[in-house]
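Take a look at the structure below.
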């Protein structure tokens with residue numbers, strides 16, 4: 001159990017350090033407005049999978065990954081300076097698609113809610129009409 005909590009602490013420490021480094025030290029405009037959603041460091045501390053998101057579509061994602069790849073050496077150097085670790089992990093950047101998937105699900109739920117509320121506004125059964133002679137259904 002302790003190794004699990006230690007791994008989580010390591011992942012979170014690397015995530016926080018990377019976020020700070022990217023925000024303050026990387027000047028590449030392709031890397032603006034990047035949010036690091038999670039980091040998974042391998043048990044031997046030699047590799048780190050970095051999951052991130054940014055605004056935009058697939059083209060923007062490719063630009064962001066290219067910018068991070070080009071700044072990878074500087075980011076690793078800064079990470080080694082900021083964290084005390086046995087090894088500075090090799091960084092592997094990935095787009096976190098769960099954020100986009102969550103957004104799509106949210107949009108579908110909103111559409112469904114709007115559709116249901118429109119259906120509730122339309123009466124499903126016609127209202128009973130009064131007969132021509134003004135008597136109700138009981139014949140009165």
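Read-outs: derived from the displayed coordinates by stated rules, not from any lab. Please read all numbers here as calculations on a predicted model, not as lab measurements. Don't worry about glycine lacking a Cβ; one is built from the backbone with ideal geometry, like all the others, and counts go over all protein chains shown.
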Inset, instruction - On a C-alpha basis, how far is the centre of segment 32-69 from the centre of segment 76-98 in Å? Whole number, if you could? - result: 10 Å
Inset, instruction - For segment 2-119, give the share of DSSP beta bridges that are antiparallel, in percent and rounded to the nearest 5; count only bridges with both residues there. - result: 55 percent
Inset, instruction - Given the peptides 27-33, 81-87, arrange them by the average over their residues of other C-beta atoms within 10 Å, most packed first. - result: 27-33, 81-87
Legend entry - 10 Å binning of all Cα-Cα separations within segment 2-119, expressed as whole percents from 0 upward: 13, 40, 26, 13, 7, 2, 0
